[in-house]
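Please read the structure below before turning to the comments.
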Amino acid sequence: MELFSINNILFSIGGQGVSLIELISVVAGLTCVYLATRAKVANFWVGYAYNILLFILFYQKGLYSSMLVQPVSFAINFYGHYRWTHPRTGEQNEKHQLKISVMSNQKRAYFLAQIVVIGAIWGTALTFLDNIWPSVFSEARTPYLDAIITVTILTAQYLSAQKRLECWGAWFLVNTTNITLYILAGLVFMPLVSAGYLVLAFFGFSMWRREWKSNN
């Protein structure tokens, strides 16, 4: 019996079935990102549910890097929730929440190098999963692309948790490459929702930049 199987197909698009969990994941993801663009703390509550849904969905699709990282993503989400609502002295905005900030060029270069190095190592590890646990994992699909995207997502989440304006640049990269990854995995709605995320990320960057300028 397949673990975490939720295979209720609601309808088909282009010959690909759209499952119940995929549809719910899309709604939760869009809601989470929309709330984040508005700098609403409620985005974290939706994010918790989104992590759980993605864990199940990615297991079904063989995207093991994206699946295995969901508990880490959940923890970063929890950390961000705390950081936004418990800013240190001098970090508060007028709402007594964490204010938006920007990084130095040196820090940006550090995070970019980290994505490349850790993504390459993680992608290599993924190629061995089906040999180590053949009863649990089938052959990973596009392991290196999956790994790079996953590390970029974690980086974007961490920067979001710190309320860094640069997080939106990371989200632009994630959603652009995710469209390719999801199509290769046979997902239907997820490529569409990634396109929606790109639009929301643009508005999120604009809103956060405007707020950052008003506080500096």
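A few remarks follow.
- Evaluated against (1) of a type in the set (Ser, Thr, Tyr); (2) at pLDDT 85 or above; (3) outside any helix (DSSP H, G or I), residue 152 falls short on exactly one condition, (3).
- Within the range 2-46, considering residues that are in a loop (DSSP other than H, G, I, E, B) and at pLDDT 80 or above, the one surrounded by the fewest Cβ atoms within 10 Å (Cβ to Cβ): 38
- Going through (1) assigned to a loop (DSSP other than H, G, I, E, B); (2) among the hydroxyl-bearing types (Ser, Thr, Tyr); (3) at pLDDT 85 or above one by one, residue 176 falls short only on (1).
- Where a residue in the range 109-121 is within 17 Å of residue 144 (Cβ to Cβ) and its partner, wherever it lies, is not hydrophobic (A, V, I, L, M, F, W, C), with Cβ under 6 Å and at least six apart: 115/152; 115/155
- Filter pass, residue 95 being out of contact with any Phe, Trp or Tyr (no Cβ under 6 Å at 6 or more places or on another chain), at pLDDT 90 or above and part of a loop (DSSP other than H, G, I, E, B): no
- Test: residue in the range 186-194 that is hydrophobic (A, V, I, L, M, F, W, C), part of a helix (DSSP H, G or I) and at pLDDT 85 or above: no
The values are calculated or read from the model by the stated rules, or taken from the named source; none is laboratory data. The model shown is predicted, which means the values in this text are computed figures rather than measured ones. FYI the Cβ positions are ideal-geometry reconstructions off the backbone, even for glycines, and counts take in every protein chain you see.
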